[in-house]
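Below is one structure; the comments refer to it alone.
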Amino acid sequence: MKKRPLVVVTRRLPDVIETRMRELFDARLNHDDRAFTSEDLVQAVREADVLVPTVTDRIDAALLAQAGENLRLIANFGNGVDNIDVQTANNRGITVTNTPGVLTEDTADMTMGLILAGPRRITEGARVVPDEHEWTGWSPMWMLGRRIWGKRLGIVGMGRIGQAVARRARAFGLSIHYHNRRRLPATVEDQLEATYWESLDQMLARMDIISVNCPHTPATYHLLSARRLKLLKRDAYVVNTARGEVVDETALARMLEANEIAGAALDVFENEPAVNPKLVKLARQNKVVLLPHLGSATIEGRIDMGEKVIVNIKTFMDGHRPPDRVLPSML
Ligand code: 8YV
């Protein structure tokens, strides 16, 4: 009888996914409500046939150097694989897969929510109505938000999620602009009514809202650098539901403190799960909206991602090429 692969999972997954995993594999599941430590990861790569990491698990060359000969597949629970040294894994004969496509709409919904929620809260004096409904200082003449309709939205990264954001934003009357590694086909641009900007600098300088929707790769690290952030209009604001590393967070916080831009709405951070204390302080001043990486955190989304992980593992273990294999050339 074929040995069932030892599948080590670093985080608690939806019950239906864990049940299925136990049926199919020798599943070692994590039911602690804590992240895997570096020691846990070392033990996992030494013993597992398959490792199922999540976005905060750093699978770097140093860890992979300690991998046992059984480890043949890293089935990432997540779309972005910037947490994994894919080239080194492949060099060691380890296949890497991810979970693309099933979190596009959820993440685009969250992005649109932050595009709407951001300016409606981001202004001095915004207050939350206290429980006792004492409308302290309230006035029917408060002006606590910026109009969204008719504003210019610049999307940095026009992949699946960026395009899904564009479809939503059009419905809210935003003018769609984008910068991307490659220009989209004219038919897609026309469908999205999107204007392409070859120069990111020029796009940033003219937008009212910037939405970061590109993956984090060596080429996009600090793509929104301190220099580029300085190009933004003073009443512009930044939405990031992609990866914190794409934006120079320290520079962004500094600019927000100095009121050099209107605000930011962030679902991702450079050193997750840590959040720059300056951003936390700014959140208390209603200058930023902060969320703990919830872009894809719907029940359906997590289950869909888990099902993709299972299909990738099962396909690979059956000797076939898994549907969501990630190659270094794709990054
Ligand atoms: C997930 C994400 O929450 O898929 C991604 O790239 O950032 C999120 O959708 C995360 O990856 C879970 O590991």
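Since every read-out is calculated from the coordinates, none of them should be taken as a lab result. If you're wondering where the values come from, they're calculated on a predicted model, not measured in any experiment. Methodologically, a virtual Cβ is constructed for each residue, glycine included, from the backbone with ideal geometry; neighbour enumeration extends over all protein chains shown.
Structural size metrics of the chain, computed from C-alpha coordinates, are Rg and Dmax of 21.5, 75 Å.
Could you order the peptides 318-324, 251-257, 108-114 from most to least packed, using the average number of other C-beta atoms within 10 Å per residue? Working shown, then result.
On the way: 318-324: 12.4, 251-257: 19.4, 108-114: 22.9.
With the highest mean Cβ count within 10 Å placed first, the list reads 108-114, 251-257, 318-324.
The Cα center of the stretch 33-74 and the Cα center of the stretch 202-266 differ in position by 33 Å.
So if I place +1 on the C-beta of Lys and Arg and -1 on the C-beta of Asp and Glu, and nothing else carries charge, what would the dipole magnitude of the stretch 103-290 be about its Cα centre? I want it in debye, nearest 20. Present the calculation step by step, with values, prior to reporting the outcome.
Values: 26 positive and 22 negative charges, 109 e Å.
Roughly 520 debye for the stretch 103-290.
Under 25 Å of direct C-alpha separation, and excluding same-chain neighbours fewer than eight residues apart, residue 278 reaches these lysines: 230, 233, 287. Relative contact order of the stretch 103-290, taken over Cα pairs closer than 8 Å and 6 or more residues apart, is 22 percent. Between the amide H of residue 195 and those of 176, 177, 178, distances stay under 5 Å, these residues lying 5 or more places away or on another chain, with hydrogens modeled in the peptide plane.
Looking at 101, 87, 209, which one has the Cα that reaches farthest to the positive end of the dipole of the chain (charges on Cβ: Lys, Arg +1; Asp, Glu -1)? Sorting the options by dipole projection puts first 209.
Hey, what number do you get for the chain at 222 nm if only DSSP H runs of n ≥ 4 count, each worth -39500 (n - 2.57), divided across all residues, to the nearest 500?
Only helices count here, giving -10000 deg cm²/dmol.
Amide H contacts of residue 95 (H built 1.01 Å from N, in plane; Pro and chain starts excluded): 73, 74 sit under 5 Å, all sequence-distant by 5 or more or on other chains. Here 142, 149 are placed in order of increasing Cβ neighbour count within 10 Å, fewest first, which gives 149, 142.
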